[in-house]
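The values are calculated or read from the model by the stated rules, or taken from the named source; none is laboratory data. Since we're looking at a predicted model, the values are computed, not measured. For neighbour counting, all protein chains shown are included, and Cβ atoms are generated from backbone atoms with ideal geometry for every residue, glycine included. When the accessible area is computed, the model is the full protein with side chains, heavy atoms only, and any ligands, DNA or RNA have been set aside. Shrake-Rupley method; radii C 1.70, N 1.55, O 1.52, S 1.80 Å.
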Number of protein chains: 2
Amino acid sequence: MAATIQPAPVEDADASPGRAACLAALQARFGARFTVNETIREQHANTLTWQGNQPPDAVVFPETTEEVVEIVRLCAAHHTPMIPYGTGTSLEGHVNAPFGGVCIDTSRMKAVIAVHAEDLDVVVEPGVTRKELNEYLRDAGLFFPIDPGADASIGGMAATRCSGTNAVRYGTMRENVLALEVVLPDGRVIHTGSRAKKSAAGYDLTHLFIGSEGTLGVITKITLRLHGIPEAISAGCCPFPSVHAACDATIQTIQSGIPVARIELLDAASVRSVNAYSKIGLPETPMLLVEFHGTDASVQEQAARFGEIAEGLGGGPFEWATRAEDRTRLWQARHDAYWAGRAANPGMLTFATDVCVPISRLADCVEETTRDLESIGIAGATVGHVGDGNFHTQPFFDVNDAAQRVAIEGFLERLAARALAYGGTCTGEHGIGQGKMKFMAAEHGEDALGVMRAIKQAIDPENLMNPGKILPQRAGNMR
Amino acid sequence: MAATIQPAPVEDADASPGRAACLAALQARFGARFTVNETIREQHANTLTWQGNQPPDAVVFPETTEEVVEIVRLCAAHHTPMIPYGTGTSLEGHVNAPFGGVCIDTSRMKAVIAVHAEDLDVVVEPGVTRKELNEYLRDAGLFFPIDPGADASIGGMAATRCSGTNAVRYGTMRENVLALEVVLPDGRVIHTGSRAKKSAAGYDLTHLFIGSEGTLGVITKITLRLHGIPEAISAGCCPFPSVHAACDATIQTIQSGIPVARIELLDAASVRSVNAYSKIGLPETPMLLVEFHGTDASVQEQAARFGEIAEGLGGGPFEWATRAEDRTRLWQARHDAYWAGRAANPGMLTFATDVCVPISRLADCVEETTRDLESIGIAGATVGHVGDGNFHTQPFFDVNDAAQRVAIEGFLERLAARALAYGGTCTGEHGIGQGKMKFMAAEHGEDALGVMRAIKQAIDPENLMNPGKILPQRAGNMR
């Protein structure tokens with residue numbers, strides 16, 4: 001097995017006749033759907049987190065798989081990196097272009113190709129966003145459950161193995177993608193999986209591309225599982241005396257088989273900032289927001305059982321949001337927790353950490369993480385998809401204060417190490433991108449990382465697909 | 001990307017000093033846990049279906065991961081093929097040794113390493129069988145749902161991406177394996193995944209090894225998801241006027257969100273042979289066997305809703321097996337359908353086909369398949385995991401009648417083509433092994449097959465891990 005990737009050298013765009021020829025050819029072919037405008041290029045690199053902004057040399061907007069093939073063939077012929085792009089809502093620098101190259105923006109690929117209501121599946125192009133898809137599906141009584149908060153594109157969600165608040169019941173993109181169409185780094189088009197619910201036919205290429213973050217090819221079609229819109233939905237919030245009690249309630253809920261659709265933790269700091277930002281007047285203690293899906297009778301039964309569990313752990317009273325608009329307000333407030341935290345800490349930089357651990361270790365991991373931040377004198381707030389053991393602690397810090405930056409780096413190292421020591425992962429749903437490459441060896445071990453490198457080498461031997469992501473490079477390999 | 005595998009030539013064991021030296025070294029190291037006994041070798045090759053029996057040169061019985069590493073290193077050093085082995089219950093010649101080599105029988109690796117009740121997971125060695133695991137878990141109130149009928153080993157079930165009657169609710173091995181330990185073809189040991197419920201950290205190696213049928217490495221530990229034993233279980237059978245009506249009832253059940261735990265079709269021919277074999281006195285018409293899991297109240301509600309759907313399609317009356325022993329009898333009868341079919345057709349050979357299609361196409365696919373068999377004058381019977389769109393039509397034929405053999409080959413070709421035309425797969429759960437390699441190109445296309453070959457080449461460049469399975473070889477590559 002190849003132990004390391006030896007990519008072909010890629011020169012600076014300004015200095016490389018190949019790169020310049022590639023851009024000229026794309027310009028000639030795509031006209032107004034090709035741009036080197038600096039503002040647009042910067043918008044197509046990382047804009048959301050403290051990773052720097054590394055714009056591509058150009059952005060191109062294909063409208064069909066065939067156009068993606070043309071772009072990929074041109075780039076491959078000129079040894080030009082390609083960065084597939086959805087909505088740019090990823091959080092770890094996934095869309096940065098550290099070696100320049102061409103950003104392939106799929107946002108014009110917006111067709112819902114086929115809805116198969118009887119089979120509960122849909123085939124879409126990658127630029128369709130999850131909200132657009134659910135708008136489209138509503139009249140058919142169907143919905144697509146994966147909800148990361150941001151209105152991300154389905155292509156990007158597949159590429160990052162995205163999840164969110166509904167994953168505890170419906171799974172992540174890993175469980176909800178049946179099939180893919182992918183343009184390989186040399187321009188060949190493959191189809192992985194099928195519309196059958198299961199298959200034992202050979203290597204699972206679908207799951208290889210889900211979560212590959214654009215490093216193995218460009219996803220151009222996605223077949224998703226759908227679900228019927230539940231007959232009854234009820235949601236509510238339940239205060240707890242401590243994060244530990246809230247986590248224990250979560251464990252008991254999952255263990256007793258209650259098919260909870262969402263179970264979200266907010267610590268007291270998060271509740272305070274959410275109250276201030278969204279004016280929802282929650283009691284300012286650790287809190288679980290929960291939602292149940294089912295028939296009227298089963299939803300009532302689930303809620304009653306959850307209420308008993310909460311009461312047994314000193315939680316409650318459980319307050320219901322029975323009206324759809326109140327539910328929407330509650331979940332919007334939850335999704336806005338990140339922005340609420342920013343508003344509550346003016347002038348401070350923040351970002352969301354993303355470790356995920358076995359749920360038995362969740363309370364300890366959250367509490368140790370909170371104490372760690374306190375010990376370095378940095379404010380923080382935590383929300384979590386606790387049914388999955390996944391939580392996001394946000395530190396709020398002064399990015400211009402070198403000591404705080406160093407302290408945050410140390411905090412992130414300890415957080416990842418803590419999650420791994422508890423049998424977990426450095427990222428539950430945000431992905432590796434650039435930001436977490438340094439944790440890959442610790443999480444997987446050098447030999448498993450070697451298998452990943454061998455696969456990358458086998459599928460993208462020139463290292464042209466989103467280079468500089470997921471797999472830590474040896475220094476000097478590019479530029 | 002490498003388009004084809006160019007394996008190192010492997011000579012005949014008798015003629016190869018390398019092979020002989022390998023066997024001698026294993027004999028010296030493993031003593032009584034190594035054998036070249038002909039009967040044992042034949043038992044360790046395919047024994048169940050009409051694929052021939054191709055025994056390995058030797059069988060070795062490791063007890064630890066470290067011993068597997070020793071075996072793999074020895075075999076790799078001597079260019080000797082390795083065939084990982086669980087219980088030998090696979091159905092497509094997966095454990096045959098077409099190029100000879102060493103069968104690595106994992107049946108002595110039987111430790112349940114850790115049960116994490118709060119996290120609903122368990123870590124096991126590959127030789128633990130599913131029934132042994134469920135015995136072990138019962139007192140903790142937990143169970144592992146995947147149930148292929150045979151008492152297969154967990155390692156083999158992971159290697160073949162196995163499923164069975166509970167998959168409609170609980171998923172297949174694809175959804176129920178969290179992490180693996182794998183010995184690579186060069187003897188290095190990797191760990192894939194973690195005990196976290198989800199992760200977005202790099203390429204999904206866990207899913208790459210699930211379903212790889214021993215062609216990429218030897219699975220030596222498996223972390224599985226568990227479930228709480230349901231408070232209430234109810235099961236029963238419901239006759240229908242036609243296969244079509246039973247399939248329509250299945251579609252409506254799934255679509256309306258009833259979380260049915262099992263929903264199994266038996267056609268009239270299967271019911272007749274099951275009645276004769278298991279003496280359960282079912283009405284001899286197409287039949288759905290169903291099971292519901294939940295609380296007392298939710299199980300009653302599910303059953304009532306299913307009953308309404310069945311009645312609306314001319315089915316019923318729905319008969320309950322309320323006592324646990326009656327339920328067990330019912331499901332044992334279902335699992336014995338294969339043997340019941342053999343008993344009903346004395347002197348005839350049979351095997352189970354395994355296509356899987358979107359459920360909207362299931363009724364048509366089953367009926368066309370039945371008519372196809374009738375048209376070539378061969379008896380058949382069908383059972384199916386209809387909630388997944390997966391069915392097993394068993395032909396009964398005279399293996400000594402050359403015309404019937406040819407007719408069956410044609411039937412199998414048409415069956416696979418029919419499933420693919422309906423957007424399905426040639427195998428829902430049995431896997432490719434040797435028997436279905438000829439359908440791989442039609443199912444995946446040459447380019448996707450090329451990606452699979454490139455991955456095999458990257459991880460097993462010498463083609464020593466279970467060669468001659470999954471990926472069709474060019475003629476003359478081995479022996």
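What is the antiparallel percent of DSSP beta bridges lying wholly in the stretch A:50-139, to the nearest 5?
Just about 35 percent of them are antiparallel.
Legend: residues in the stretch B:197-211 shielded by at least 10 square angstrom of accessible surface upon adding the remaining protein chains to the isolated chain (1.4 Å probe, heavy atoms) are B:197, B:198, B:199, B:200, B:201, B:202, B:203, B:204, B:205, B:207, B:208, B:211.
Any idea which of B:303, B:293, B:252 is furthest toward the positive side of the dipole for the stretch B:232-339, if Lys and Arg beta-carbons carry +1 and Asp and Glu beta-carbons -1? The Cα lying farthest towards the positive end belongs to B:293.
As an exercise, identify the chymotrypsin sites (Phe, Trp or Tyr not before Pro) in the stretch B:322-370 lying in DSSP coil whose Cβ has no more than 10 other Cβ atoms within 10 Å. Intermediate values should be presented prior to the final figure.
On the way: sites: B:331, B:338, B:339, B:351; in loops: B:351.
In loop regions of the stretch B:322-370 (DSSP not H, G, I, E or B), there are no sparsely surrounded chymotrypsin sites (Phe, Trp or Tyr not before Pro).
Against chain A, whose longest principal axis is taken from its Cα atoms, helix A:17-30 shows a tilt of about 70°. In the context of the full protein assembly, residue A:348 retains an accessible surface of approximately 80 Å², using a probe radius of 1.4 Å and ignoring ligands and nucleic acids.
Per residue of A:457-466, count partner chain C-beta atoms within 10 Å of its C-beta, then hand back the mean as an integer.
Numbers: counts 3, 10, 6, 1, 3, 0, 0, 0, 0, 0.
That average works out to 2.
In the stretch B:112-228, carbon and sulfur make up what percent of the accessible area (probe 1.4 Å)? Write down the numbers at each step before the final one.
Working: 1370 of 2820 Å².
C and S fraction of accessible area: 49 percent.
For residue A:40, the label point sits 7 Å beyond Cα toward Cβ; its separations from the matching points on the remaining copies run 7.1 nm, from shortest to longest. Evaluated at q = 0.05, 0.07, 0.09 Å⁻¹, a Debye calculation over the C-alpha positions of the protein assembly as shown (equal weights, vacuum) places log10 I(q)/I(0) at -0.29, -0.58, -0.98. Per-residue shielding of A:445-454, expressed as the average number of other chain Cβ atoms within 10 Å of the residue Cβ, stands at 6.
Taking the label point 7 Å along Cα→Cβ, residue B:131 and its counterparts in the other copies are spaced 5.5 nm apart, in ascending order.
The trypsin sites (Lys or Arg not before Pro) of the stretch A:253-344 meeting both criteria, a DSSP state outside H, G, I, E and B (loop) and at most 14 other C-beta atoms within 10 angstrom of the site's C-beta, are A:279, A:323.
For the protein assembly as shown, what is the percent of antiparallel DSSP beta bridges, rounded to the nearest 5? Walk me through the numbers before you get to the answer.
On the way: 108 of 124 bridges.
Bridges in the protein assembly as shown are about 85 percent antiparallel.
Before we go on, tell me the buried accessible area for the B/A pair, both chains summed, 1.4 Å probe, in Å² to the nearest 100.
On the way: alone 19530 and 19520 Å², together 32290 Å².
Adding both sides of the contact gives about 6800 Å².
Residues of the stretch B:125-161 falling in the label zone of residue B:111, defined by backbone nitrogen less than 17 Å from a point 7 Å along Cα to beta-carbon, are B:125-129, B:133, B:154-155.
Place a +1 charge on the Cβ of each Lys and Arg in the stretch B:152-271 and a -1 charge on the Cβ of each Asp and Glu, then give the dipole magnitude about the Cα centre in debye, rounded to the nearest 20. Please report the intermediate quantities before stating the final value.
Values: 10 positive and 9 negative charges, 90 e Å.
Approximately 440 debye in magnitude.
Axis angle, to the nearest 10 degrees, between helix B:362-375 and the longest C-alpha principal axis of chain B: 80 degrees. Summed over the residues of chain A and divided among them, the accessible surface reaches 34 Å² per residue at a probe radius of 1.4 Å.
Peptides A:157-164, B:142-149, A:194-201 ranked from most to least packed by the mean count of surrounding Cβ atoms within 10 Å: A:157-164, A:194-201, B:142-149.
Over the stretch A:112-228, calculate the relative contact order: mean separation of alpha carbon pairs under 8 Å at least 6 apart, over the residue count, as a percent. Display every interim value, and only then the final one.
Values: 230 pairs, mean separation 38.2, N = 117.
33 percent.
Dividing the summed helix terms, -39500 (n - 2.57) for each DSSP H run of n ≥ 4, by the number of residues in the protein assembly as shown produces a 222 nm estimate of -11000 deg cm²/dmol to the nearest 500.
Short-range pairs are left out: with C-alpha atoms under 8 Å and at least six residues apart, the relative contact order of chain A is 18 percent.
Have a look at the DSSP beta bridges in the stretch B:112-228 and tell me what percent are antiparallel, nearest 5. Present the calculation step by step, with values, prior to reporting the outcome.
Details: 22 of 22 bridges.
Taking every DSSP beta bridge within the stretch B:112-228, about 100 percent pair in antiparallel fashion.
Both radii are taken from the alpha-carbon atoms of chain B; with Rh as the Kirkwood radius, Rg/Rh is 0.97.
Which whole number gives the average count of other chain Cβ atoms within 10 Å of the Cβ atoms across peptide B:350-362?
4
Measuring between alpha carbons in the structure, the pairs from A:438/A:469; A:197/B:197; A:197/B:438; A:436/A:469; A:110/A:456; B:438/B:469 lying more than 18 angstrom apart are A:197/B:197; A:197/B:438; A:110/A:456. For the stretch A:345-466, a simple Cβ point-charge model (Lys and Arg +1, Asp and Glu -1, everything else neutral) yields a dipole of about 80 debye relative to the Cα centre.
For the stretch A:300-439, averaging the sequence separation of C-alpha pairs within contact (under 8 Å, six or more residues apart) and dividing by the residue count gives a relative contact order of 25 percent.
Measure out, as a whole number of angstrom, how far apart the alpha-carbon centroids of the stretch B:95-122 and the stretch B:163-199 sit. That distance is 12 Å. Between helix B:268-278 and chain B there is an angle of about 80 degrees, using the helix long axis and the longest principal axis of the Cα atoms.
Reducing the stretch A:312-337 and the stretch A:341-371 to their Cα centroids gives an inter-centroid distance of 20 Å.
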